Amino acid sequence: MGAYVKDNASCTSEILFMGTTGLRPWSLSTPPPPDCDTEMFIDVIGPTAFHTTDFENVTLTLEILSPSGAMFVRDPRLGSVLWGVPKADGTWDESIVPSPPTSVLRLRVPQKTRIVSTNPNDGLSFWLDISGLPSGATLSFHAAATADRVLATTASCPIEMKDLAVGETIKGRFG
């Protein structure tokens, strides 16, 4: 059964959190990308006190821990979200088209957006496809989010999602 753990148990965040996360069989009417039959969704959320706050550069950084060979693949529901892969100098390359499968990924929404959460199934949802996940295997990955406001930058507590199985959803506010 899937669960999450903070990378640093003493980390606290009052503004930005990872929310409902799930892994499920492909559900769109269009065929999945090659070697993908699983899709993942993960929400970046904020408390209702920030319902009128615009954020920019909402960023979700992900790294697959297991199984070996599993990769994130761009899902059509990502739309204009920027897909970044790491470069050797520690920066991110967001210019590669088409987006290459990767085990380390940064997704970024540069335009103003709201991340308010009023229930467990909202906020800013990111959709990804997963390749290389053997039947019956679970997915473990690191996740962290950041966002810019007018006067400050905020960050979630980095977390590790462990053993998320296909067909499983973990609801809540993580970190």
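Observations on the model:
- LYS87 - accessible surface, heavy atoms, 1.4 Å probe, Å² rounded to 10: 90
- Note that region 1-110 presents 49 Å² accessible area per residue, ligands and nucleic acids not counted, probe 1.4 Å.
- Surface listing: ILE42, ILE170 arranged by accessible area from highest to lowest gives ILE170, ILE42, probe 1.4 Å.
- As a ratio to 2.2 N^0.38 Å, the alpha-carbon radius of gyration computed for region 72-119 takes the value 1.30.
- Segments 5-15, 28-38 sorted - mean Cβ within 10 Å per residue, highest first: 28-38, 5-15
- Extension gain for THR113 to MET1 (0.36 nm times residue separation, less C-alpha to C-alpha distance): 37.1 nm.
- When a 1.4 Å probe is rolled over the protein heavy atoms, the share of accessible surface on region 1-153 that falls to carbon and sulfur comes to 55 percent.
- Kirkwood-based Rg to Rh ratio, region 26-136, C-alpha trace: 0.99
- Listed by chain and number, the aspartates and glutamates whose alpha-carbon sits under 18 Å from that of LYS6, ignoring those within fewer than 8 places in the same chain, are GLU14, ASP43, GLU63, GLU160, ASP163.
- Only protein heavy atoms count here; on that basis, with a 1.4 Å probe, LEU133 has an accessible area of about 20 Å².
- Accessible surface, 1.4 Å probe, highest first, among residues GLU56, GLU94: GLU56, GLU94
The values are calculated or read from the model by the stated rules, or taken from the named source; none is laboratory data. Given the structure is predicted, the values throughout are model-derived calculations rather than measurements. Glycine also receives a Cβ, built like all others from the backbone with ideal geometry; neighbour counts cover every protein chain displayed. Just so you know, the surface numbers come from the protein's heavy atoms only, side chains and all, with ligands and any DNA or RNA stripped out. Shrake-Rupley method; radii C 1.70, N 1.55, O 1.52, S 1.80 Å.
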